[in-house]
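Asker: Before I ask anything, here is the structure I am working with.
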Amino acid sequence: MTSTAEPTTSTRIRALGAAMVVALLGQLLLGMANTFWLKLPDSGSGWSAAASTSLFMAHMTLGAALIVLAIWIAAAAFRQRDRNWLTASTIGVLGLLLALGGGTAFMSQTSNDGASYLMAVGTSLAIAAYALGLYRPPVTSNA
């Protein structure tokens with residue numbers, strides 16, 4: 001009978017980071033799909049037009065789950081004192097908050113193209129942060 005090694009905290013954080021990259025790519029695709037198929041007014045609030053569509057609700061639900069997962073990864077990195085993942089997850093959380101702020105501003109005023117751009121920048125920043133976290137080897141602080 002062979003025993004399998006217990007996964008380390010660093011291995012679990014990496015697995016969560018990989019899941020985060022995949023989920024963020026899915027979120028990016030959902031956002032693009034909303035751009036193509038969601039009918040919003042040219043100006044003014046888009047909340048009432050979008051609230052009943054399943055595509056928009058999927059985008060918002062995944063976005064909320066991404067923020068929870070990002071905070072979970074940051075907390076795990078902090079407990080493990082893994083500077084690599086602490087840096088990656090901090091930048092990732094900031095990117096997600098930027099995307100959330102841009103999305104909220106865009107839905108409040110659909111003619112605000114800059115807010116739409118902020119969603120894409122925030123999502124791209126988060127993808128880059130977690131991908132870099134996967135690329136770099138663990139760095140544990142001894143303090």
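Asker: Taking a probe of 1.4 Å, how large is the accessible area per residue of the chain, in Å²?
Answerer: 59 Å²
Asker: Continuing with this model, one more query. Based only on Cα atoms, what Rg/Rh ratio does the chain have, Rh being taken as Kirkwood's radius?
Answerer: Taking Rg over the Kirkwood Rh, I get 1.09.
Asker: Moving on to the next point. Using a Förster radius of 25 Å, what is the FRET efficiency between ASP42 and ALA120 based on their Cβ-Cβ separation? Nearest 0.05, please.
Answerer: It comes to 0.80.
Asker: Roughly what would the spin-label model give for SER54 and SER108, points 7 Å off Cα along C-beta, in nm?
Answerer: 3.1 nm
Asker: Then there is this: Would you kindly state how much longer the chain becomes between LEU25 and TYR135 on full extension, computed as 0.36 nm times their sequence separation minus their alpha carbon distance, in nm to one decimal?
Answerer: Length difference between fully extended and current span is 37.9 nm.
The values are calculated or read from the model by the stated rules, or taken from the named source; none is laboratory data. It should be emphasised that the depicted structure is a prediction, and the values quoted were computed from it without experimental measurement. Note: ideal-geometry Cβ built from the backbone for every residue, glycine included; neighbour counts use all protein chains shown. For accessibility, only protein heavy atoms count, side chains too; no ligands or nucleic acids. Shrake-Rupley method; radii C 1.70, N 1.55, O 1.52, S 1.80 Å.
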